[in-house]
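The values are calculated or read from the model by the stated rules, or taken from the named source; none is laboratory data. From a predicted model like this one, the values you see are computed outputs, not experimental measurements. So basically every Cβ, Gly included, is an ideal-geometry build from the backbone, and we count neighbours across all protein chains shown. When the accessible area is computed, the model is the full protein with side chains, heavy atoms only, and any ligands, DNA or RNA have been set aside. Shrake-Rupley method; radii C 1.70, N 1.55, O 1.52, S 1.80 Å.
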Amino acid sequence: MESAGLAKKPQAEGRAASHSLSIRNLSKYYGALAAVDDVSIEVERGKFLTLLGPSGSGKTTILMSIAGFVQPSAGEILLDDRPITNLPPDKRNFGMVFQGYALFPHMSVEDNIWFPLRVRGVSRAEAAKSVTASLELVQMAHLAKRLPTQLSGGQQQRVALARALVFQPDLLLLDEPLSALDKKLRADLQWELKSLHARLGTTFIYVTHDQEEALSMSDDIIILRDGKIEQMGAPGELYERPVTRFVADFLGKSNFIRGQSTGADGNSFRVAVQDIALQQAGRVAANEAVLIALRPEKISVSRTRPSLPNAIEGRIAAFNYYGSSYHLQVETGGLGDLIVTVPAWKCEIDPAIGNSIWLGWEPDASVVVRDN
Ligand code: ADP
Ligand code: MG
């Protein structure tokens, strides 16, 4: 399906349809609480940027500041280098989609979508083509005459999306738009949103607390914690190279091993954990305390001692079967309990409680993180 009807917005002619956004030293205080604390973000045009963080980390406050519904206590917001910090929301031409669908219940689907054009003085006849194009974009054209109450949650969210896109917004802001939907539907809509983003080329700023959603959809992710940026980067970069314990724990799962560096060994260094010697990629001076984050899927499992630099024997204390994988909880003694994920189709050990198995990993399977 093409977005031909949408592309014909007269005021957009001769201009790139996509915009960049700069947030500079943004803070928002509520009394003594810094909901947003000196946050700076550069979003290149056409990117899909996700703000990821636990509840209360300041995601919505940042998004609402971009939209103009929250007045920042300090800082500046610029669209294509033009300050918009003091521009009222209705002058910003940004599309918004929230968790609750927020459709007008007494209006049909097509009237809901016409609405943002209507407030811009576009008649129903003039709007018809754009409304249809927008409905087709979200595969809802066949339900144009329905009322919101006659739609499923996923369909309502599609309509909300069409309504946010019909006036060709300069930015699309999405605040946990899928979190009210069940898992399967959420996954379907993740694919659709991503493909919509690719087709439209509009800059998307997406808020979620769901790490899988962030990893699967975004060009870049910003991880927020207590109103501050903890780390930002491409999904793979954040997953493979978390800088702090918080990131390693929030994005995916990690085992944490605390030890003491005993000095360099080639491209790695040795880490003493009680009487166990591990090899870890990177460099840390001797006698420093280190915290290592080790992903459960990067640990290999075998019946006999593996020929890997890091190996330890353990006992299966618990396991969960997920169809595609087993999650094992393995008591190792010296390294505490480790969580290990094993693809079920190539699980070479018998995953029964009490069984002894060997765990192993390469020095570059794990990363050193800051403890915080
Ligand atoms: P998130 O979207 O990440 O869950 P929010 O941006 O909604 O977080 O909130 C960040 C912090 O600011 C929270 O501690 C929240 O309670 C507080 N907060 C948000 N809005 C207000 C408000 N209008 N008045 C007082 N505190 C607020
Ligand atoms: Mg929120």
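Quick look at the numbers
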quantity: The range 88-100, residues that are open to solvent by 30 Å² or more (accessible area, probe 1.4 Å) and touching a Leu at 6+ places or on another chain (Cβ under 6 Å); calculated: M96
quantity: Criterion violated by I292 - all others in (1) surrounded by 13 or more Cβ atoms within 10 Å (Cβ to Cβ); (2) free of Cβ contacts under 8 Å to residues at least 40 places away in the same chain satisfied; calculated: (2)
quantity: Among residues of the range 169-183, those that are within 16 Å of ligand 1 (Cβ to nearest atom) and assigned to a strand (DSSP E or B), counted; calculated: 3
quantity: For W345: the one exception among (1) part of a loop (DSSP other than H, G, I, E, B); (2) at pLDDT below 95; calculated: (1)
quantity: Count of the range 55-71 residues which are buried (at least 21 other Cβ atoms within 10 Å of the Cβ), more than 8 Å from ligand 1 (Cβ to nearest atom) and small (G, A, S); calculated: 1
quantity: Filtered residues of the range 194-209 (kept if in contact (Cβ under 8 Å) with a residue 60 or more places away in the chain and either crowded, with 18+ Cβ neighbours inside 10 Å or within 16 Å of ligand 1 (Cβ to nearest atom) (or both)); calculated: H197, L200, T202, T203, F204, I205, Y206, V207, T208, H209
quantity: Residue match in the range 101-124 (condition: in contact (Cβ under 8 Å) with a residue 40 or more places away in the chain, within 16 Å of ligand 1 (Cβ to nearest atom) and surrounded by fewer than 18 Cβ atoms within 10 Å (Cβ to Cβ)); calculated: no
quantity: Elements of type strands (runs of 3 or more DSSP E) contained in the range 39-107, each with 3 or more residues being under 21 Å from M232 (Cβ atoms); calculated: 48-52, 74-79
quantity: Hits in the range 353-370 (condition: farther than 27 Å from L238 by Cβ and either of a type in the set (F, W, Y) or open to solvent by 30 Å² or more (accessible area, probe 1.4 Å) (or both)); calculated: I353, G354, N355, S356, W358
quantity: Checking A35 against (1) among the small types (G, A, S); (2) open to solvent by 10 Å² or more (accessible area, probe 1.4 Å); (3) within 19 Å of the chain's Cα centre (by Cα), the condition it does not meet; calculated: (3)
quantity: Residue satisfying all of: in the range 295-319; open to solvent by 20 Å² or more (accessible area, probe 1.4 Å) and touching a residue at least 60 places away in the same chain (Cβ under 8 Å); farthest from D350 (Cα to Cα) among these; calculated: K298
quantity: Test: residue in the range 44-67 that is under 22 Å from H197 (Cα atoms), of a type in the set (S, T, Y) and away from ligand 2 (no atom under 15 Å from the Cβ); calculated: no
quantity: Test set (1) within 16 Å of ligand 2 (Cβ to nearest atom); (2) touching an Asp or Glu at 6+ places or on another chain (Cβ under 9 Å) - A74 fails condition number; calculated: (1)
quantity: Filtered residues of the range 119-152 (kept if part of a loop (DSSP other than H, G, I, E, B), farther than 20 Å from N93 by Cα and polar (S, T, N, Q)); calculated: Q139, S152
quantity: Any hit, the range 77-87, residues being away from ligand 2 (no atom under 16 Å from the Cβ), more than 23 Å from V247 (Cβ to Cβ), open to solvent by less than 30 Å² (accessible area, probe 1.4 Å) and touching a residue at least 60 places away in the same chain (Cβ under 8 Å); calculated: yes
quantity: Filter result for R283 (out of contact with any Asp or Glu (no Cβ under 8 Å at 6 or more places or on another chain) and open to solvent by 60 Å² or more (accessible area, probe 1.4 Å)); calculated: yes
quantity: Test result for R186, modelled with pLDDT under 95, more than 16 Å from ligand 2 (Cβ to nearest atom), buried (at least 16 other Cβ atoms within 10 Å of the Cβ) and not in a strand (DSSP E or B); calculated: yes
